[in-house]
Amino acid sequence: MAVENSLYDKKSLRTVVGKTADFSELAKDCVAFANTRGGTIDIGIEDADTLPPEGQKIPDSLIPKIEKRIAETTINVNCSAEKIVAENGGEHIKLHVFYNKSTIAGTTDGKYYMRIGDSSKPVKADEFSFILTDRTSYVWESQKSHEKFSECDKEKTALFINDIKSSSRVSDFVKSKSDSELLEHYCLATEDGFLTNLGCLWIGNHFQRTNAWSAPKIQVIKYDEKGEKINKFMYDDDDLSPKQLVDAVWNDIPDWKEYYEIPNTLHRDRVWAYEYKVIRELLVNALVHRPYTMRGDIFIKLYPDRMEMANPGTLPLGITPENIFNSSFQRNEKFGKIFFDLNYMEKEGSGYHLLYQLLLLYGKPLPKVKEGSDSVTVTIMRKPINDAAYLFMKRIDDARKLSQSQTISLGLMSQSRAFTVEEVAKILEAKPSEAFRIIDEMHTSGIVTKYDDKDLYVLAGIEASKKKNVQEKVTEKVTEKVTEKVTEKVTENQKTILAEIEKNGFITALQLSQILQISLRKTKENISKLKEKGLIRRVGADKGGHWEIIKND
């Protein structure tokens with residue numbers, strides 16, 4: 001089933017015919033696609049369907065009418081429409097909207113949009129600078145440099161061609177191209193004998209790569225428990241291609257090879273401090289998604305308990321640390337295409353799915369993403385949350401071989417023990433119906449079980465005696481340090497609120513309301529009482545505000 005996302009949308013035929021026709025809505029989506037990455041809109045297929053209605057016919061006159069109305073209601077939008085006959089005999093219109101690399105698209109009434117996930121979001125006045133910055137970075141990789149192809153690094157060129165022709169992800173048609181055609185296909189060289197900026201990075205010699213001005217450089221710094229630097233690795237001599245750079249960082253740093261042993265029945269399991277695919281995905285993401293129109297090194301900081309990777313530049317417009325899991329937006333499309341074809345990264349939009357899956361499979365916390373004024377930092381923890389989290393996921397995965405979505409859902413459930421459909425939907429950034437489907441599959445398989453008649457699920461391994469007061473049992477150890485300092489009596493709901501705040505680090509009133517399964521008004525009343533007792537405080541303002549424990553240590 002084709003799912004609406006940053007590259008695809010569906011519209012009812014009523015959008016373009018009859019009294020309900022709404023070409024302004026269609027124009028908005030066309031502008032959003034043109035400003036983002038381009039995309040396809042299937043007109044004549046309802047949101048819940050994958051095919052047009054049987055017997056649906058599209059008059060030939062409707063195709064030019066749609067193209068004409070889009071041209072009349074938009075600026076700088078280039079598109080084409082065609083009639084498609086589906087397998088059930090029904091007809092629909094496939095509208096191709098092309099990415100506008102040089103200018104910003106808008107509607108004729110002066111509105112601008114970007115495609116974020118499955119929605120077309122308006123662009124605010126203060127966000128135009130981000131669009132312009134990204135425009136130049138998109139064009140950068142394919143621009144012709146002043147460097148001649150005849151002077152490129154022949155060894156790196158031969159290695160690149162061999163890697164591409166040996167890849168299982170590259171079609172036979174592409175592999176059959178001549179060497180020069182292959183380099184042009186991947187936008188590394190031009191027909192008139194020059195390297196592109198991207199070509200300088202992949203097959204250029206040392207001087208050509210240096211002249212690329214913003215060739216990526218990486219610094220790996222190790223710290224001790226006191227925060228003192230104890231080791232440093234530098235990759236700043238411009239001798240390595242992007243693939244060689246990734247391989248060198250992985251092979252040279254001894255910390256990647258460290259592991260923990262966790263007792264598992266009669267033997268001990270080896271859990272790596274950092275999985276190869278996790279580090280590779282983060283490194284490749286850092287190289288592919290950074291804007292190459294600005295300078296700046298990639299910093300990898302290794303601490304006793306975590307790794308932090310900081311990449312120059314900000315997140316693309318519309319992408320935030322909160323929605324990055326399901327967001328799909330690539331600054332350097334051709335750069336990413338090479339790494340994907342070489343099996344060094346996942347397809348666009350699924351990189352963080354892989355990170356979540358691998359980390360949770362080994363009982364580790366999710367990656368933390370923080371955006372600064374000129375950089376983005378991702379933090380990965382070394383150790384599992386505890387042995388039990390790892391052993392639970394290991395046992396279930398060995399027995400059932402979970403899907404990626406099940407692994408992610410169950411991994412987070414194993415760390416909280418009790419959960420609702422709404423919480424899973426939020427974790428996966430999915431619709432409640434999709435979250436329910438995932439939970440129902442695990443419920444049918446006996447992995448999770450429902451708690452009474454409430455929309456609350458627990459892991460199937462929790463005994464029936466514990467299900468009666470599951471929230472209290474789940475949080476009793478977490479609340480111990482908090483409640484021992486409480487001199488005034490607190491209710492069970494207030495105790496649960498303290499426990500959830502302590503467990504999560506911070507949480508909103510709405511989230512607490514969902515956990516307690518009481519009204520938001522009652523939840524806020526309990527929060528106010530805890531605040532009056534000096535146990536919690538509010539951090540932040542407006543919708544971004546949340547609550548945290550007041551530490552008295």
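The values are calculated or read from the model by the stated rules, or taken from the named source; none is laboratory data. A quick note: this is a predicted structure, and the numbers were derived from the prediction, not measured. With ideal geometry, Cβ positions are generated from the backbone for all residues, glycine too; neighbour counts draw on all protein chains shown. When the accessible area is computed, the model is the full protein with side chains, heavy atoms only, and any ligands, DNA or RNA have been set aside. Shrake-Rupley method; radii C 1.70, N 1.55, O 1.52, S 1.80 Å.
Within the assembled protein chains, the solvent-accessible surface assigned to residue 268 is about 140 Å², based on a 1.4 Å probe.
Each principal axis of the Cα cloud of the stretch 181-311 was evaluated for its coordinate range; sorted largest first, these ranges are 65, 35, 21 Å. Here the dipole of the stretch 252-364 is about 200 debye; that uses its Cα centre as origin and unit charges on the Cβ of Lys and Arg (positive) and Asp and Glu (negative). For a straight C-alpha distance cut-off of 14 angstrom, the aspartates and glutamates reachable from residue 65 (same-chain residues fewer than eight places away being disregarded) are 22, 82.
Annotation: peptides 292-302, 197-207, ranked by per-residue average of other Cβ atoms within 10 Å with the highest first, follow the order 197-207, 292-302. The spread of Cα positions in the stretch 252-363, taken along each principal axis and listed from longest to shortest, comes to 53, 29, 25 Å. If only the Cβ of Lys and Arg carry +1 and only the Cβ of Asp and Glu carry -1, the dipole of the stretch 206-256 around its Cα centre is close to 140 debye.
Taking each residue as 0.36 nm, the span from residue 260 to residue 492 lengthens on full extension beyond its C-alpha to C-alpha distance by 79.7 nm. Pairs spanning more than 23 Å between alpha-carbon atoms, out of 364/401; 101/370; 368/533; 334/364: 101/370; 368/533; 334/364.
Computed from the Cβ-Cβ distance with R0 of 41 Å, the FRET efficiency linking residue 401 to residue 371 stands at 0.70. In the structure shown, the pairs 154/301; 121/243; 94/121; 426/522 are assessed against 29 Å; a Cα-Cα span above that value is assigned to 154/301; 121/243. Highest-first packing order for the peptide set 218-228, 401-411 is 401-411, 218-228, based on the mean count of other beta carbon atoms within 10 Å. Amide H to amide H distances under 5 Å link residue 507 with 547, where only residues 5 or more positions off or on other chains count and H is placed in the peptide plane. Residues 364, 522, sorted by accessible area with the largest first, give 522, 364 [1.4 Å probe; ligands and nucleic acids excluded]. The fraction of Cα-Cα pairs per 10 angstrom bin, counted from 0 for the stretch 77-233, comes to 9, 22, 22, 27, 16, 4, 1 percent, rounded to whole percents.
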